[in-house]
Structures are given as C-alpha cells and as structure tokens.
1. Around residue A:96, what is the net charge, scoring Lys/Arg as +1 and Asp/Glu as -1 over all other residues with Cβ under 9 Å from its Cβ?
2. How much of the accessible area of the protein assembly as shown, probe 1.4 Å, is carbon plus sulfur, in whole percent?
3. How large is the charge dipole for the protein assembly as shown, taken about the Cα centre, if only the Cβ atoms of Lys, Arg (+1) and Asp, Glu (-1) carry charge, to the nearest 20 debye?
4. For the cross-link pairs A:31/B:72; A:14/A:85; A:31/B:74; A:60/A:91; A:85/B:72; A:31/A:69, which exceed 18 Å when the distance is taken from alpha carbon to alpha carbon?
5. So what is the accessible area of the protein assembly as shown per residue, in Å², with the probe set to 1.4 Å?
6. Quickly estimate the mean residue ellipticity at 222 nm for chain B, helices only: each DSSP H run with n ≥ 4 gives -39500 (n - 2.57), and the total goes over all residues, rounded to 500.
7. Please label the shape of region B:4-52 as rounded, prolate or oblate, based on the square roots a ≥ b ≥ c of the eigenvalues of the alpha-carbon gyration tensor (a/c under 1.5 means rounded; beyond that, a/b larger than b/c means prolate, else oblate).
8. Would you tell me the mean number of C-beta atoms belonging to other protein chains that fall within 10 Å of each C-beta in A:49-62, as a whole number?
Amino acid sequence: MSPLDDQELISRLKKKDEAALEALIAQYETKVFGLAVRFTGNHQDAEEILQDVFWTIFEKIDTFRGESKFSSWIYRIATNVALMKLRKRPKIREIPLEEELGPAMTEDGMIAEPVVDWSRLADEELDRKELDHRIEGAIGLLPLDYRSVFVLRDVEGLSAEETSRILRISIAALKSRLHRARLFLRKQLADYTQVPQSSLEADQVGMKKDEPHA
Amino acid sequence: MLKCRDIGQLLYDYVEGVLDPPIRQQLEQHLADCPGCIAFVNTYRQTITLSKELREEEIPQELQQKLQSFIKEKLHEPGFWSRLRTRLTG
C-alpha cells in the first residue's frame, strides 16, 4: 500500500478500515519505536509500547479532532503510554540543581575550575558508537519529567511549542527542564571524555580565584 | 560587564537563538575573552548536536512481525466488531 496522506489515513481509520491501520503502522512504526526505545532504553518495553500505541490510535481515532498535527497526537499517545509503563519502575532520584551541573563558580561569579572543551574530540577522536551508548545511558538516568522534554525536543527534534503542547506544560517549565537535562547530559559526557591530559589540545583553561577576569 | 555566572543563566536563550541582540553582544564579548565559558558553551551545544544525531533505531523485523500479529489478533478478537457497532450506533 502506498503511503496515505494524514487526512485520508484519519478518515479511513475512523471507518475502522483495517488496511488503513496497516498503512498507519507502516508510516509511523519507526517513529514510535524510536521514541519508545529512547524512553525505556530497551526493546522489550518498546515492543509492548508499540502494540499499545497503535491499538490505542485505532480505538481512539474518533477523539482526534484535528486541533493538532496528526503526528503530534501520535507522539502524545506514545509519550503517555511510555510514561505509564515507566511510572511502574522504581523512581529515579532527582538530578542535581542547575548551579551544581555547570562549572564551579567563585563567590563573585567567575568560573573557578578548568573546563575542558571536548566538543571537537567528539567529532574526531572519540568512538561515536560508544559516545551514543553513553548518551542513551545518561538519558535513562533522567527523571521522567526531564526525560520526556529532552527526548521530544532534542532527540526527536520537535519544536519547543509542539513539545510543550504534547506534554501539556508551559514554555517556561519546558525551558527549565530542558536546560537542566542538557546540563546533566553534558556533565555525564564531560566525565566520559576526561581523556589523559596529554591528548587534549590547548583548550584547557585554569583560572585562579585571585585573577580578575573579563 | 557579564560574569561567568550570567553566561550560564543566558546560555539556554543564547543557544536557542532568542537572546536580545544587545545582550547577545555582551555575552559574545565575554566569550571572546573567557576560554572557560567558551568550553562550556561549546560542549553544551555539542551535547545537543550529538543527541540529535543519535542514530535512528531501525525497528527489528521480528518486532514488526510481532506487532502485526498482535494487531491481527486484536482485530479478530471475539466481540471487537460487535462492541464497535454498539458504540457507533448506540
């Protein structure tokens, strides 16, 4: 079956057309699977989420009123199904506060420790597969409120507006959670990339407290 | 004059590209002269880039087949269509 546009898909799903359900699955299974894996970190949970999501869409298609994009609606269902599953797991501890996730500061607000710029190492020297693996692991350490924002916005690449609508949170809440999630991940990656000093370039900076700066 | 602590607080808006131009300018002035903050901003950005580039997981064929048989089974579950008819007509 060739891909159907969303309107056609929706109207045929509302008539409970089984072929349309097949087309829906063919068109969205990769997206939903990807999201499920990012949320849960494993294929077994992703499998159950996939099944729940597509069956829910088929059953609830009448409640889709076209106020959002069809893909947003699907993302919302997938997010809710994934979160419901994850809430049954033991709760993750809170992540540190924003101030604790960035470089340490002196009392007068200047950076008080060396900050390694590993950003180019990531392009050139570090094993990309291992790095991806680290990121996935770090996403799994995020509390759910942070993880859902991070996965939708930074991994799936949805806009801030779309993400906030899907999660039904304000833009301000999105911003604060996303920023902290990014800082948390950055720190996890920074810890991983702490390679022997000799192989780092001259990006390493040390600033002494008593040296006024800028 | 902006301090490193201010950079941390402006970082999100800066990276999202929504900082007011005069403040952005001040921030960039600070960066021009503060390797620690440059390293911080670069690695913050790189974290986002790497996350966006996480390879898309291909759905394993086995899962695809399981999904299809799950759906088939649900569709042919006794009572599904009659429940549906009741809902549509009732």
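1. For residues surrounding residue A:96, the net value is -2.
2. Answer for the protein assembly as shown is 48 percent, counting heavy atoms of protein chains only.
3. In debye, rounded to 20, the protein assembly as shown gives about 1640.
4. Numbers: A:31/B:72 21 Å; A:14/A:85 27 Å; A:31/B:74 22 Å; A:60/A:91 30 Å; A:85/B:72 23 Å; A:31/A:69 15 Å.
Pairs exceeding the cut-off: A:31/B:72; A:14/A:85; A:31/B:74; A:60/A:91; A:85/B:72.
5. Ligands and nucleic acids excluded, the figure is 53 Å² per residue.
6. On the way: 5 runs with 67 residues, N = 90.
Value at 222 nm, helices only, nearest 500: -24000 deg cm²/dmol.
7. Judged from the Cα gyration tensor, region B:4-52 comes out oblate (a/c at least 1.5, b/c at or above a/b).
8. Values: counts 0, 7, 8, 1, 1, 5, 5, 0, 0, 3, 5, 0, 0, 2.
Counting other chains' Cβ atoms within 10 Å and averaging over A:49-62 gives 3.
The values are calculated or read from the model by the stated rules, or taken from the named source; none is laboratory data. All values derive from a computational prediction rather than experimental measurement. Cβ sites come from the backbone with ideal geometry, for glycine too, and all protein chains shown count toward neighbours. Keep in mind that these areas ignore ligands, DNA and RNA; they rest on the heavy atoms of the full protein, side chains included. Shrake-Rupley method; radii C 1.70, N 1.55, O 1.52, S 1.80 Å.
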